[in-house]
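Everything below concerns the one structure shown next.
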Amino acid sequence: MPLKLETAGALDIVSSRAAEAASTLKAMASETRLIILCALSTGELPVNRLADLTGQSQSAVSQHLSKLRAADLVDSRRDGKTIYYRARAGVASDLIDTLCQHYARTDAAGN
C-alpha cells in the first residue's frame, strides 16, 4: 500500500527537500544510468561488466558512473587495475527497488 502524505507537516517536509529530490531524479534520468543502478542493486560490479550489461563502451559507462558518483548514488573501490562499483543505500536505491517491483508485477500481469 503506498504511503500517503496525510498531514500538512509531512507535505512541508517533502516540499523543503524538493530540490534534493529533483537532483536525485535528474541524476537517474537516463536509460543507461537506470540499468546501471538496477544492476548494482544486486551487488558490486566492475565497469567492464556494466558495459556488457548496458551495451555501452567502458568509456561511456564511466561517464555515467561519474554522474552517479557526483550525485552520491554509487560508491567505488579499486582492486588492482579493476574498479568495482556498488549502489549506495538511500532514496535512489529505494526508487530502483520500487521500479523493479512495479515492472516485475506489470510484466507478470501481461501489461
The relative contact order of the chain, taking Cα pairs under 8 Å that sit 6 or more residues apart, comes to a percentage of 25
To the nearest 10 degrees, the tilt of helix 31-40 (Cα long axis) against the first principal axis of the alpha carbons of the chain is 80
Of all C-alpha pairs within region 66-111, those more than 14 angstrom apart amount in percent to 61
Least to most buried among 81, 67, 26, by other C-beta atoms within 10 Å and fewest first, runs 81, 26, 67
Highest mean packing first, using Cβ neighbours within 10 angstrom, the peptides 83-89, 94-100, 32-38 sort as 32-38, 83-89, 94-100
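Using unit Cβ charges (K, R positive; D, E negative) and no other charged atoms, how large, in debye to the nearest 20, is the dipole of the chain about its Cα centre?
In debye, rounded to 20, the chain gives about 360.
Tell me what the chain gives for mean residue ellipticity at 222 nm when only DSSP H runs of n ≥ 4 count, each as -39,500 (n - 2.57), the sum divided by the residue total, rounded to 500 deg cm²/dmol.
After summing the helix terms and dividing by the residues of the chain, the value is -19000 deg cm²/dmol.
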Computed over the chain: longest principal axis from alpha-carbon atoms vs helix 91-108 long axis, angle to nearest 10 degrees, is 90
Expected vector for region 48-60, Karplus 3J(HN,Hα) from phi with 6.51, -1.76, 1.60 and θ = phi - 60°, integer Hz, x for Gly and Pro, equals 4, 5, 5, 4, 4, 5, 8, x, 9, 5, 4, 5, 5
Given the candidates 82, 34, 109, the one whose Cα lies deepest towards the positive end of the charge dipole of the chain, counting +1 at each Lys or Arg C-beta and -1 at each Asp or Glu C-beta, is 82
What the 10 Å binned alpha carbon P(r) of the chain shows, as percent of pairs per bin from 0, is 13, 39, 29, 15, 3, 0
Each label sits 7 Å from Cα toward the beta-carbon; between residue 86 and residue 26 the label points are separated, in nm, by 2.9
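Read-outs: derived from the displayed coordinates by stated rules, not from any lab. This is a predicted model, so every value here is computed, not measured. Cβ coordinates were reconstructed from backbone atoms using ideal geometry, including for glycine residues, and neighbour counts include every protein chain displayed.
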